[in-house]
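Visitor: Quick one: the structure is below, questions incoming.
Computed from the coordinates by the stated procedures, all read-outs in this text should not be read as laboratory data. Note that the structure is predicted; figures quoted are calculated from it, not measured. Don't worry about glycine lacking a Cβ; one is built from the backbone with ideal geometry, like all the others, and counts go over all protein chains shown.
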Amino acid sequence: MSKARWIICLFLLASTSRAQQFYRSEGLRLFNQGHYSVAIDSMLAWSEIHRSEQGMAFYYIGESFYNLGLDAGSADQAMDFFRQGSQYLERSIRQTDMASIYAEKMSEAKYKSAWTLFRLSELESDPVLFLQNAIRQFRDLSASSEDSISIFSSYMAGESLLRLAEHYRRQIQISNNPGDIVAKAGSAVQSLNEGIQIFRQVSNSRLIPGYLRVSARLRHQDIFMEKSRLYRVMKTDVFERFDDPDKRSSTLETTLMFLNRADYSGILNGIDSKTREDYLPAVIYSQVVKNLEISLVSGDDQNRQRLNTMLDSLRWNRFRADKLFYEANRDHNTDIDQEAYYRLIDTSRSLYSMAANTYPEAIYWLGWAQFVANNKESSRQFSRFLRETEPLKDDSRMKVLREDAQYMLMVIEFDNNAGNKRVLTNLKESIQNFQPSIPFVRERTNMLLQLVRVILNERIWGRILDAAAPEDRLDDAFKLIQQMMIRASRVTGKDRLPYLKGLELLFTVTTDRRTEQTYFYQGMATFLEAEIQETVQNKRRYYQSAADLIRLTRGEYIDEAAYIEARSYFAMAKHEATDSRRERVLRRAKPIFTRLINEKQSLRSLYYLAEILRTEGKDAAARICYQKVIAATKDKPDGNFWYNNALAGLKSCAAGTDTTDLHGIRINDVIFPDNLLVEKGVAISLEKFADPAFVRRKYREDTIYMLALFGLPPRQLYPAVSRIVHSRFHRRTFPEVTAGIPERIGVISSGLQLKVIFPENHPRQAEVRLDKQTISMNAQGFYRKTPVTINQVLEIRVESPYCYPFIEDYRFTRPGVEHKVVPLTIKNRYAYRGIGIEQGIGVLFLQERTDENINIHEFAGTINPNTELVKRFKADVKYRDFAYSPVLDAFLAVHSDGKIMVFNNNSQMNYQGEFPLVWPQGVAPFKHPEGIAVDSRGRIFITEWGAHRIDIFDSDGTYIRSVGRFGRNDASRIGFDARFTLPARLSIAEDTEGIFYQGKKINRMPLIFVTDRNGVHVIDTFGYLLDTFVPAAMDMGSMHDILVRGYAENMRLFIADRKNRRVQFYTASPVPIQ
């Protein structure tokens, strides 16, 4: 072997011996314990020293930031953690050790890098770039192999594509830029089509578990639902420009096609029973949403029945609020005159009111339903909605609803006060101060401002002839005229007059420049004015004026004008006094409707022809006309008004066979909508602007459209086991199930290996239980249990017949097996030895006080009576007990007003101040403290006489816990939480000598002795009762102060006999072994 090759081999051997040093690092140990912030600092320092393994250090730094992001307390904090995690993961991937020493970790680093991007997309207001990059990375990993990371990456690529498409659709909903909408719709469809392929591949994979197969099937169908929603939000002009081979002839047909493609019925086929049971609620919920959306889009009665059936099957309590909301949506989609709608708008009975307990936005939809029905409570609902959703104002969807609610409040104010100039002046200022960010709300608000200014008789147009773009200003004037007519049609009687006056002002602006158009709208305005006349004579006169005015119209307006003329005659006929006069007026309307049917295929004219025929008693002919209207408008956009009216007319028809009146009328050629007049791409009709019933129903249909766009989002399957509380994706997810992807690293299993140390000469008998499950001792003498979830808190309980029970709520914080040694303490009995004390103990008899208090303390002899502490105790019965704190090197005295006083440890024992105790929220501070003891660690134990408990504090006064409650102890309660009756004093026995195990000193548990009216009770620091007894030679209730010296079988007890003003002495001895 050459020297060069020999050197290379030595180098490789040396490199191998040094490889993967990171697994021994302190930073990884801290990571496994969940101390991510400290772990990051440790790993950064480690990476500076071990540059050859920086990639692995950066990887776990990225994982640490990722886990901090998952656990963050706020969205901003989480985003910061994920951003830093993404940076370190990217740096990790670029390091050479990740391609050599830790090559097996490279795919994990890339996988987690993609996850950080997905997590950022959950939190960022603009998620597009993060989702696009996540899609690219997940897609690359999905093609790399057939392992679990590849499968999970495929699923996540599909999930990210679906979320990206949802975001594009939400942007389309609030955009008014056709070019931008077409581009985003194209991107959304492309994403959804790719997602379909991915979820199909994942669900057909042989390697995936059942839960992921179900999840992929569910999301596959969710994509069809998302496609339907995308087409639902498209305007007609955008739809016509949009190129998609899957689309049908209209947005409605395309929406329904994709809704019907979404098939959730077979998702659970071939799935094991446990997974089926887990995911069944999510599947049924998704079927409910599908049927609800079909109902909202189509209004089909048969689908409504299916929806009711599905709602009945949604029986899980977790979906109760959703079910109420969806039932309210269903009733919202009924005709305004039906009982279900009346019930919906009754605040006290409304399903929206019930759902609002969980979803405050339900109040908004209740407000809209009431507004459509002219219910005066609508403004109250919109105001309440704004108050209750203030914390949610930053949510993008809620922002739309809140801005619209603010706009609606101003609309209602306008409608209610159109004749009150003072109120309108204030309203104008409010509108000008309102600056909505949503384009369609901003557009409507600007229109409302102009309406208010017109009613206030402000000169808002200036000199149109001198304007830079007079035609644009005239277009704006006619938009105002249209909106003014809609507002006028919503009110009746004198409330309509301010709007009619406003229209007159607008007509003075337009009449010279656009005469024909002005005549047309003046005719409609006169039609509206006719409705509010108080006498039939005036009604007839105004309808005749409307017909005369509209007849002056020429050009593009002539067909709709003819229809309005005929409608004016039809309305006038209703107010004629005799049948002959009525028939004469109807004969003027009938040929106009007939001409519009034959020449313009006008379905609306066919409906009114049917109405005239029914009035004339020609029911057979009328029936045929109604049937044609019903067939042409069923399931058509804006067709419900005509469909329902024709259905009502059909039910009113009597029997008959004569149809001669239809000869020569081409009723089979009618179309809907007939669009007799189209201005700048917008259909103009009498119904749209001057028919109150139609306007009211149109408002309801617009509300349903808003509901489809901005209603309660459906719940979706969350992809990961670990959820981000602040995530927009998490807000509407299924509470019980996820796609089950375990992307978080750090939940590492732990375990327990317990060694029990028995007292000398005692039988090795013990029952060991972990979380109430018995653990048997193995051949090596250990009690072993694995696995145990890391960071889980479980009760360890060790019980032996001749020892005090050991009970601890233990937190498992280390990966692997945790070793624990439990030395047991001998259980004693206590023998009376007489009256007196031993060396090192003193007694403070306070015979000067009315309560004759006694304090036993560990001082040789008597405390100097001239010290400030003793003086205060003698002078004030509120001073109850005192104890020395080794941490503070001071005395702590209990004052019955709920205070702890500090006295110096010097010859004067002078007062130093009040010791602050820190009580947590929800824990009531003590009112009647009585006794105090302090252990060697400085922990403070105080008996609460009136509350029958002991409060425990750390040496700095921070509250730890309270133990005990009112009751009586006996042998049956040993091992359970202690009970006290007016606890008085306490003393702590600590194992200062300890025992040695494998060369290490271990201290046995402290024993706390507590006196109360029923005896002496021994507890541990967690409040579990270890023993209870009544000392010999003591009367029940006479036990007062207590002092314990020594530990285990060496303990001596000194108990103050308050009744006889003496101290009794007891010694311990082990309970005899039977």
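Visitor: Hey, can you grab everything whose amide H is under 5 Å from the amide H of Gly842? Only 5+ residues off in sequence or another chain; H modelled, so Pro and N-termini drop out.
Guide: Those lying under 5 Å, H to H, from Gly842 are His857, Glu858, Phe859.
Visitor: What is the magnitude of the charge dipole of region 568-639 about its Cα centre, with +1 placed on the Cβ of each Lys and Arg, -1 on the Cβ of each Asp and Glu, and no other charges, expressed in debye to the nearest 20?
Guide: 140 debye
Visitor: Cut-off is 10 Å between beta-carbons; in what order do Lys112, Lys927 appear when sorted fewest neighbours first?
Guide: Lowest to highest Cβ neighbour count: Lys927, Lys112.
Visitor: Give the distance, in whole Å, between the Cα centre of region 290-313 and the Cα centre of region 580-596.
Guide: 42 Å
Visitor: Peptides 230-238, 772-780: what's the order by average Cβ count within 10 Å, highest mean first?
Guide: 230-238, 772-780
Visitor: Now a separate question. How far is the Cα center of region 958-1007 from the Cα center of region 908-949, in Å?
Guide: Centre-to-centre (Cα) distance: 17 Å.
Visitor: Related question: Give the residue from Asn906, Leu586, Phe966 lying farthest towards the positive end of the charge dipole for the chain; charges sit on Cβ (+1 for Lys and Arg, -1 for Asp and Glu) and the dipole is referred to the Cα centre.
Guide: Result: Leu586, furthest along the dipole toward the positive end.
Visitor: In degrees between 0 and 90, to the nearest 10, how far off the longest principal axis of the chain does helix 210-232 point, with axes built from Cα atoms?
Guide: Once rounded, one gets 30 degrees.
Visitor: Here's a follow-up. Just how far, in whole angstrom, is region 477-491 from region 673-722 if you go by their alpha carbon centroids?
Guide: 18 Å
Visitor: Under 11 Å from the Cβ of Gly681, count the other residues' Cβ atoms, weight Lys and Arg +1, Asp and Glu -1, and hand me the total.
Guide: Neighbourhood net charge equals -1.
Visitor: Residue-wise, which Karplus ³J(HN,Hα) couplings in Hz belong to region 923-936, taking 6.51 cos²θ - 1.76 cosθ + 1.60, θ = phi - 60°, and x for glycine or proline?
Guide: 10, 6, x, 5, 10, 9, x, 10, x, 9, 9, 10, 8, 5
Visitor: Taking the Cα centre of the chain as the origin and placing charges on Cβ (Lys, Arg +1; Asp, Glu -1), which of Gln792, Leu448, Gln87 is farthest toward the positive end of the dipole?
Guide: The Cα lying farthest towards the positive end belongs to Leu448.
Visitor: To continue, here is another question. Taking Cα pairs under 8 Å and at least six residues apart, what relative contact order does region 671-732 come out at, in percent?
Guide: The value is 15 percent.
Visitor: Per residue of region 169-186, in order, report the coupling 6.51 cos²θ - 1.76 cosθ + 1.60 (Karplus, θ = phi - 60°) as ³J(HN,Hα) in whole Hz, putting x for Gly and Pro.
Guide: 5, 5, 5, 4, 4, 10, 8, 10, 9, x, x, 5, 5, 4, 5, 5, 4, x
Visitor: What's log10 of I(q)/I(0) for region 609-715 at q = 0.17, 0.20 Å⁻¹, Debye sum over Cα points only, no solvent?
Guide: Each listed q corresponds, in turn, to -0.91, -1.12.
Visitor: Right, another one. Put +1 on the Cβ of each Lys and Arg and -1 on the Cβ of each Asp and Glu in the chain; which of Thr1067, Phe882, Gln483 then has its Cα farthest toward the positive end of the dipole?
Guide: Gln483
Visitor: Nearest-5 percent of antiparallel DSSP beta bridges in region 829-1070?
Guide: Once the DSSP bridges in region 829-1070 are tallied, antiparallel ones form about 95 percent.
Visitor: Here's a follow-up. Which whole-number percentage describes the relative contact order of region 665-794, with Cα contacts under 8 Å and a sequence gap of 6 or more?
Guide: Working: 111 pairs, mean separation 20.4, N = 130.
For region 665-794, the relative contact order is 16 percent.
Visitor: Taking the number of other C-beta atoms within 10 Å as the exposure measure, put Ser295, Ser265 in order starting with the fewest.
Guide: On the way: Ser295 24, Ser265 9.
In order of increasing Cβ crowding within 10 Å: Ser265, Ser295.
Visitor: How far, in degrees from 0 to 90, does helix 75-94 lean away from the longest principal axis of the Cα atoms of the chain, to the nearest 10?
Guide: Here the helix axis deviates by roughly 80 degrees.
Visitor: Take every Cα-Cα distance within region 749-824, group them into 10 Å bins from 0 onward, and report for each bin the whole-number percent of pairs it holds.
Guide: Answer for region 749-824: a P(r) of 20, 55, 22, 3 percent.
Visitor: Out of the DSSP beta bridges found with both residues in the chain, what percent are antiparallel (nearest 5)?
Guide: 85 percent
Visitor: What angle do you read, to the nearest 10 degrees and between 0 and 90, between the alpha-carbon axis of helix 603-615 and the longest principal axis of the chain?
Guide: Helix 603-615 and the main axis of the chain meet at about 70 degrees.
Visitor: Kirkwood Rh, region 829-1070, all Cα pairs: how many Å? It would help to have the intermediate numbers written out before the result.
Guide: On the way: mean 1/r = 0.0550 Å⁻¹.
Here the Kirkwood hydrodynamic radius works out to 18.2 Å.
Visitor: Quick one: which residues, 5+ away or cross-chain, put their amide H under 5 Å from the amide H of Ile960? H built at 1.01 Å from N.
Guide: Under 5 Å from the amide H of Ile960: Ile952, Phe953, Asp954.
Visitor: Please report the relative contact order for the chain, taking Cα pairs under 8 Å with a sequence separation of at least 6, and give it as a percent rounded to a whole number.
Guide: Computed value for the chain: 6 percent relative contact order.
Visitor: What label, among [x] 42.1, 129; [y] 31.1, 101; [z] 45.1, 169, belongs to Rg and Dmax of the Cα atoms in Å computed from the structure on display?
Guide: Computing Rg and Dmax of the Cα atoms in Å and matching it to [x] 42.1, 129; [y] 31.1, 101; [z] 45.1, 169 gives [x].
Visitor: Which ³J(HN,Hα) values in Hz, rounded to whole numbers, follow from the phi angles of region 1044-1054 under the Karplus curve 6.51 cos²θ - 1.76 cosθ + 1.60, where θ = phi - 60° and Gly and Pro get x?
Guide: 10, 10, x, 8, 6, 6, 9, 6, 10, 10, 10
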